[in-house]
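The values are calculated or read from the model by the stated rules, or taken from the named source; none is laboratory data. Predicted model, so just to flag it, every value in this text is computed and none were measured. Virtual Cβ from ideal backbone geometry, glycine too; neighbours counted across all protein chains shown.
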Amino acid sequence: MTADPLSATTRPAPGPAAPLLAVEDLHVEITGRDRTVHALDGVSLDLAPGEALGIVGESGCGKTMTALSVLGLLPKGGRITGGRILFQDGSGRPADLAAAPEPALRDVRGNTIGMVFQDPLTSLNPTVTIGAQVAEPLLLHRETTRRDAWAKAEETLRLVGMPQPAERMRNYPHQLSGGMRQRVAIAMALVCEPRLLIADEPTTALDVTTQHQILELIDDLRARLGMAMILVTHDLGVIAKRVDRVAVMYGGRIAERAGVRGLFAAPRHRYTEALFAALPERAAAERTTLATIPGLPPALVTRPVGCRFAPRCAHATARCRTEEPALAGEAGHAYACFHPAGAEPVAAAEPAAAVDSVPDDRPTDPGILLDLDNVTKRYALHAGPFARRRGAREVGAVAGVSLTVTRGETFGIVGESGCGKSTLGRLVVGLEPPTDGTIRFAGRDIGALSRRELRAHRRDVQLMFQDSYASMDPRMRVGTILREPLVIQGIGDRAAQLRRVGALLDDVGLPRGAAERYPHEFSGGQRQRLGLARALALSPSLVVADEPVSALDVSVQAQILNLMRDLQREKGLTYLFISHDLAVVRHLADTVGVMYLGRLVETGPAREVFERPLHPYTRGLLDTVNAPDPTAPAAGTPLTGETPSAAAPPSGCRFRTRCPAARARCAESEPAPTEPAGPGHRVACHFPLVASPGPVSSG
Amino acid sequence: MIRFLVKRVAQAVVVLLLVSVIVFVLLHLLPGGPARAILGVKATPESIAHFNHQQGYDRSLPQQYVMYLGRLLTGDLGESYKLNQSVTSLLAERLPKTALLAGLSIALAAVLAVPLGVLQAVRRGKAADYLLTGAAFLAYATPVFFLGLVLILVFSQQLQIFPAEAPQADTVGGLLADAPALVLPVVTTALGIIAAFSRYMRSAVLDNLEEDYVRTARAKGQSSARVMARHVLRNALIPLATLLGLYLPTLFSGTLVVESMFNYPGMGLLFWNAAQGSDFPVLLGVTLVVGVATVLGSLITDIAYAVLDPRIRSVS
């Protein structure tokens, strides 16, 4: 089944008994400046020819190190200290890549094993043409002429769905979009028709729709070329439908290994179980507390005693803390746990806080806090002193957005990158003035505020960032960072400010001693807590949270989402929650606005919008999301194509170029917002999906 | 690419005009005015007025500037007070020689610094890296005049390999004909540049080795040497291009010490002598040339950028 129809060099595959890749008891250490991390501690895996294996886990669990070990590409200071990596390259006996010398590894890399990395924006060389980069592995591994390599590279680009491949060959990476660059990266990995493709978070840096297209492409190519695949990801949604088997990693070891359906239906290891429970998609209902995993993964500097998950596990017993469980279990479903799930009645023991519904005790008469009327923001495409006079082209980042946010609610804004959601956040906070339209906060037009009033207004609206680390001065102590807003606004004396800092740290669940430490001493989740504390320092009524949990692992994400919700209830906060993650928004938001290319295409109560979307774009987005469920029915109409440039948006409805239901009228006139399905649920579409809650029909 | 070049050249012309304005203003800030400078402190008011009228110094400043610009365009930079020669002909005589010294030094620096920087990056933290780093800091920290003296002492006095005086020929060809005499001035000028460039090259290569695209290239099966040659080198040269443009003008004025030390008949020596004799037209002429060199330096940087980095090409 691995016999490759296109390749002349590979021989017929060995019998079904021989695995393509067998990792046996692999140990990897990474020696840094002052410490050694035991990144992998006895990892065993195997992969049959043509099979797809998913490796999942949170950051630092060792999933990427496993992938990199196979190709001998461990980072500086990293080395394999034990175990074997047997790879059947088709030439006879399997070779042990763990012990192979560098030249032998070079023969394998890009040749019989191809690799795709996470970030397509940085993994291509910016100064070398696409063609030269795709042809490079061929010139290395095949006896071929430059011309033949070029032709084959072009053919491979066509294979990965690159439009106008001949033209693209002469382009440089910066001339392509992120999705297209990832196609190039895949083409580079596939040009020598490898027997195994290793994809390390191949879609993490991409938008939902692009993500879907790339995953479909990999699926399709795998079927066509009959190659095996290792898909490394933190995203359970990504692997649910793309792999045959899954290995869950934790703390440098395999926690659980099973067929994908078996694992998702009945996880046995308590870590896997807790991971699933922390998914916002799996939350029992909207506006409930998410199950979290307390604490942090082990640092692996010292080899932990006992089960590595025991310190965070709700089911851990004395035995778990002293004895290390071995990977065992039924055929095809192995797990390293003394107290596996499903062995006893589980209902009694949900990890951490049980999933209980939170009573909705927000004020009954909220009133409008924020009111945007036809807000527009345009940026000049070319900067410089004469740009404006020459009538330079402009980009409409936000194009006529109107919405109202009531006091105490969470208004979620979703959309793909470049849809204008972050710009909208910046406008609301007052970091930039809108080009047109009015923003009213608590009844006052913030565009008409004086400098002094604007400063006072900033107390009321605060921003929480995606990357809290980058937004904090690395040379300031946390206490100083949290006190700074109070100092700027001249609130209280020094003693009062220090008391406030202490109270803030209490609020976000950090020890008071944190005030004396520097930002780099905290983990991602803790930094996000600090970001929230900083935003709350001035007791604002509105917090604009721009992708606050996008950089976090699932278990930590759940902690932050719960914290945000708790603080909202306690302090009567209003959130403008900006995210590309539909599941997170669905979980947290009361009201949702969907943005596309600067326009708000649909707004309404979260449940309404997600269950009965009226705009084809919303429908498409929902169909495109990778649900963490291998048994979910095939999606209706996933979105295709790419978002057009905001500098030259399509005429009429901006979504029409990608809309399955577009007709002539959509190109002629811009749809005005209507409420065809009842009050409160607005949509800007000529042909809203009123009748059919299911897939888009042409009605 | 063409549009980019046209735009950059047009910008350079604007900057050059500004340079001419500054030099013109400096001309008028001369103590006691040019008349006093030429005719001496004992000149009578009548002779000063006569001189000023003759030279057009009694007209309005804008008028004078236009006249100055007109003269500038025809290559007339005035007469040297001391040398009885036009500034233009002095510069025409000396400029190529300084350009030769600067060019040879930069070329030597680039040829040595790039491989040295790469070597240090590849051997990071090893003996070779520390040794070269130490040598670079030593060369960088040593004042040029001291470096020159040491070189003269060792290679001219002790070993007697190279002469201590630069060749005194009138033409560039003549200078090149006496190559051994050029060695010490060129090496003295180049050592500091080699030190600076190799440090920059080292850090640029190290930065690029950390980049994801290097890992991608290795995942294709490229060897470390070819990853360096095919992928890293070009990207690492981009910051060096900036440095090159910045060094050009410094070289034109900075060879002053080297030229006077080795009695090299270049612009630095001319400037030095003019400064000693209050020969203002010559001083301003040299200033103008350095200004032009500055503008050209940044133009060259921009062009080198565009050649090396496709992203810059398409932005403009």
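A few notes on this one:
- Residue among A:LEU290, A:LEU275, A:LEU300 that is touching a Leu at 6+ places or on another chain (Cβ under 8 Å), part of a loop (DSSP other than H, G, I, E, B) and more than 14 Å from chain B (Cβ to nearest Cβ): A:LEU290
- For A:GLU58, the test of being modelled with pLDDT under 90, within 19 Å of A:ALA247 (Cβ to Cβ) and more than 10 Å from chain B (Cβ to nearest Cβ) is passed.
- The residues of the stretch B:124-181 that are free of Cβ contacts under 8 Å to residues at least 60 places away in the same chain and among the aromatic types (Phe, Trp, Tyr), listed by number, are B:TYR130, B:PHE137, B:TYR140, B:PHE146, B:PHE155, B:PHE162.
- Subset of the stretch A:448-479 [over 31 Å from the mean Cα position of the chain (by Cα) and surrounded by fewer than 15 Cβ atoms within 10 Å (Cβ to Cβ)]: A:ALA448, A:SER450, A:ARG451, A:ARG452, A:GLU453, A:LEU454, A:ARG455, A:ALA456
Residue-by-condition table, conditions (1) under 13 Å from the mean Cα position of the chain (by Cα); (2) surrounded by 20 or more Cβ atoms within 10 Å (Cβ to Cβ); (3) more than 14 Å from every other protein chain (Cβ to nearest Cβ):
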residue: B:MET267; (1), (2), (3): yes, yes, yes
residue: B:ALA274; (1), (2), (3): no, yes, yes
residue: B:GLY277; (1), (2), (3): no, no, yes
residue: B:VAL282; (1), (2), (3): no, yes, yes
residue: B:THR294; (1), (2), (3): yes, yes, yes
residue: B:ASP302; (1), (2), (3): no, yes, yes
residue: B:ALA306; (1), (2), (3): no, yes, no
residue: B:PRO310; (1), (2), (3): no, no, no
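- Yes/no for B:LYS82 being out of contact with any Cys (no Cβ under 9 Å at 6 or more places or on another chain), closer than 30 Å to B:LEU182 by Cβ and not in a helix (DSSP H, G or I): yes
- Test: A:LEU639 is under 14 Å from A:GLY415 (Cα atoms), under 25 Å from the mean Cα position of the chain (by Cα) and in a loop (DSSP other than H, G, I, E, B): yes
- Breaking point among (1) in a helix (DSSP H, G or I); (2) touching a Ser or Thr at 6+ places or on another chain (Cβ under 6 Å), for A:LEU263: (2)
- Close Cβ contacts (under 6 Å, 6 or more residues apart or on different chains) running from residues in the stretch A:568-587 that are within 16 Å of A:ASN626 (Cβ to Cβ) to residues that are small (Gly, Ala, Ser) and buried (at least 24 other Cβ atoms within 10 Å of the Cβ) comprise A:VAL585/A:GLY412.
- Residues (more than 14 Å from the chain's Cα centre (by Cα), hydrophobic (A, V, I, L, M, F, W, C) and in a loop (DSSP other than H, G, I, E, B)) located in the stretch A:525-557: A:ALA537, A:LEU538
- Every pair of residues 6+ apart whose Cβ atoms lie under 9 Å, when the first sits in the stretch A:532-556 and is over 20 Å from A:ARG458 (Cα atoms) and not assigned by TED's automatic domain parsing to the domain that holds A:LEU582 while the second is surrounded by 23 or more Cβ atoms within 10 Å (Cβ to Cβ) and of a type in the set (D, E, K, R): none
- Count - residues of the stretch A:51-71 that are among the small types (Gly, Ala, Ser), buried (at least 20 other Cβ atoms within 10 Å of the Cβ) and assigned to a loop (DSSP other than H, G, I, E, B): 3
- Where a residue in the stretch B:287-316 is part of a helix (DSSP H, G or I) and its partner, wherever it lies, is hydroxyl-bearing (Ser, Thr, Tyr) and at pLDDT 85 or above, with Cβ under 8 Å and at least six apart: B:LEU308/A:THR127; B:PRO310/A:THR127; B:PRO310/A:TYR172; B:ARG311/A:TYR172; B:SER314/A:TYR172
- Evaluation of A:GLU143 against the conditions (1) surrounded by fewer than 18 Cβ atoms within 10 Å (Cβ to Cβ); (2) within 10 Å of chain B (Cβ to nearest Cβ); (3) under 28 Å from A:PRO49 (Cα atoms) shows that the sole unmet condition is (2).
- Filter result for B:LEU246 (touching a residue at least 60 places away in the same chain (Cβ under 8 Å), under 25 Å from the mean Cα position of the chain (by Cα) and away from chain A (no Cβ under 11 Å)): no
- Hits in the stretch A:79-137 - residues which are buried (at least 19 other Cβ atoms within 10 Å of the Cβ), acidic (Asp, Glu) and more than 8 Å from every other protein chain (Cβ to nearest Cβ): A:ASP89
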